[in-house]
Structure formats: C-alpha cells, structure tokens
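A quick write-up on the structure given underneath.
The values are calculated or read from the model by the stated rules, or taken from the named source; none is laboratory data. Note that the structure is predicted; figures quoted are calculated from it, not measured. Neighbour counts are summed over all protein chains in view; Cβ atoms, including those assigned to glycine, are modelled from backbone coordinates with ideal geometry. In case anyone asks, the SASA skips ligands and DNA or RNA and just uses the protein heavy atoms, side chains included. Shrake-Rupley method; radii C 1.70, N 1.55, O 1.52, S 1.80 Å.
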Amino acid sequence: MQKLTITVSIDDTHPEQNWGCEGDQSVEYLKELNKEFGCKFILFTPSNYHEKYPLSKHKDWIQYWLQYDWIELAAHGHYHKRIVVDPGCRECEFIELDYNQAKDRLNECLHEWNSSGYSPIGWRMPGWLATQGSFDAVSELFGYTAIHSYLNDNIKINNKLFKGENSIHNDESVNIIDNVIYFQSHIWGEYNKNNWNEENYLNFRNILLYLKDNFELEYKLFNELI
C-alpha cells in the first residue's frame, strides 16, 4: 500500500473567541480528529492580529497550544492587514513592502513572538500575495516558508519550501506532491469557505476515511519535515 504524508495547516488562529481558543467548537473538532486519526495541525498565527491581539499579552494562549505535541505554532504576518487599505487585498500585509520594509515588519513580528515565550520557525504570507523582497526577508529569518501552488508560482524561495493548498471543504480532487498532501484551512471567518464548521469537519473526516482505506497514512507537522 502506498504511503502518504498528511499535513494540515490552519490560518489566522489567534487569541479571540472562535478563532482558536479553548472551548471553541473548531478546537473540539481538531481534538476529535487527533483522537480518531492521529491528525496533526500547523497553526499559522499573526503576532498582533489586526492590531488587537498581541501575543505578548496572551501568553496563556500560547501555552495552551504548546501542551499538545500534535500542534505546531507558525508565523502568519504581524498585523494580517494592510496599513494602506485596498478593498481587493485588505489582508495582504506584505504586498506593498520592499525588502527593508518587510525586514522591519518581520522584526516587529518576531519581537512579539519572542515576548510571548515562543519562537516559530515557519512562515506563511497573510493573504498569500507579497513582493519578492518580502519573501527574501522571510527566507533569512525563518526555517521554512509555506506557499500557494500557483499564486506564488513566480516567487523564489531561499529556505525550505512547502507548496500546496488542498482545501478541507473540497473533496473533488486532492493534489499529491511527492507523496505529501498539503491540506489548507482557516480556523474561522464567515468569508472563508474552508473554515472549521461542522460541515467542513465532517467532509474532511470523510476525506481522511477514504485516504485511510487506500493509503498508509502518516501525519506530520512542517517542523518534522525540514
């Protein structure tokens, strides 16, 4: 039976109710999937989501997640929003930053993380889109970068690369890259189709049941693959 590695990324987790806090229904779904399948999750977390949730002020939230060996915390921007608002790219924080500007923003991000008591090794761009200079700065400061299969296809990455975006809510096709499936989701947000509501949880569970019947599965965090 062919072996497959399964990775599951979750974007935008932060210490706000419904967005990855203890007791949230979405968090309970993650626990159920870990208990049933051994599923692991990479939580891509902004360091000060929308300038409202600085991680240095929520050390208890960080510690809550660090107690689980099936969870990896990774960086996902600082503010996760643009300072200059563009209705088409409001969440793409690094889309207008050059290398030096990005380096300054990343240092702010890492300072917030370090002040929380944890230093992530991985990164994903908020909103996927960003300048090459921003990706260059990321490559210098983080151990790996997770990107979109085609939205970032013209970008050069100088650190470890993870490339894929299979969605938990779409079971029509699953893209396997070098025997790895990269599932991608959002923890919450009504504007996100791939968030962890009941419908998507059940759909993803069915995907895993199908894969389990046809492949030998191994669940991994990104920090276990670098």
Tally the residues that are surrounded by 17 or more Cβ atoms within 10 Å (Cβ to Cβ), of a type in the set (A, V, I, L, M, F, W, C), touching a Ser or Thr at 6+ places or on another chain (Cβ under 7 Å) and under 18 Å from Phe44 (Cα atoms), restricting the search to segment 142-166. 1
May I ask you to list pairs of residues, at least six apart or on different chains, whose Cβ atoms are under 7 Å apart, with the first in segment 176-188 being free of Cβ contacts under 8 Å to residues at least 60 places away in the same chain and the second being open to solvent by 10 Å² or more (accessible area, probe 1.4 Å)? Ile177/Lys163
Identify the single condition in (1) more than 29 Å from Pro54 (Cα to Cα); (2) assigned to a helix (DSSP H, G or I); (3) touching a residue at least 60 places away in the same chain (Cβ under 8 Å) that Asn203 does not satisfy, given that it satisfies every other one. (3)
Of all residues making up segment 64-83, the number that are open to solvent by 30 Å² or more (accessible area, probe 1.4 Å) and either touching a Leu at 6+ places or on another chain (Cβ under 6 Å) or within 11 Å of Tyr49 (Cα to Cα) (or both): 2
Looking for whichever is open to solvent by less than 60 Å² (accessible area, probe 1.4 Å), touching a helix residue (DSSP H, G or I) at 6+ places or on another chain (Cβ under 7 Å) and more than 15 Å from Thr5 (Cβ to Cβ) here; the options are Asn194, Asn203. Which one fits? Asn194
Kindly evaluate Ile226 against the criterion of being surrounded by 12 or more Cβ atoms within 10 Å (Cβ to Cβ), assigned to a loop (DSSP other than H, G, I, E, B) and β-branched (Val, Ile, Thr). yes
Quick one: Ser139 ticks every box in (1) surrounded by fewer than 17 Cβ atoms within 10 Å (Cβ to Cβ); (2) assigned to a helix (DSSP H, G or I) bar one, so which box is it? (1)
If I ask for residues that are aromatic (Phe, Trp, Tyr), surrounded by fewer than 22 Cβ atoms within 10 Å (Cβ to Cβ) and within 19 Å of Lys193 (Cα to Cα), which ones from segment 20-46 would you list? Tyr29
Out of segment 90-125, which residues are open to solvent by 30 Å² or more (accessible area, probe 1.4 Å) and modelled with pLDDT under 95? Arg90, Glu91, Ile95, Glu96
Scan segment 170-183 and tell me whether some residue there is within 22 Å of Leu43 (Cβ to Cβ), open to solvent by less than 80 Å² (accessible area, probe 1.4 Å), of a type in the set (S, T, N, Q) and at pLDDT 95 or above. no
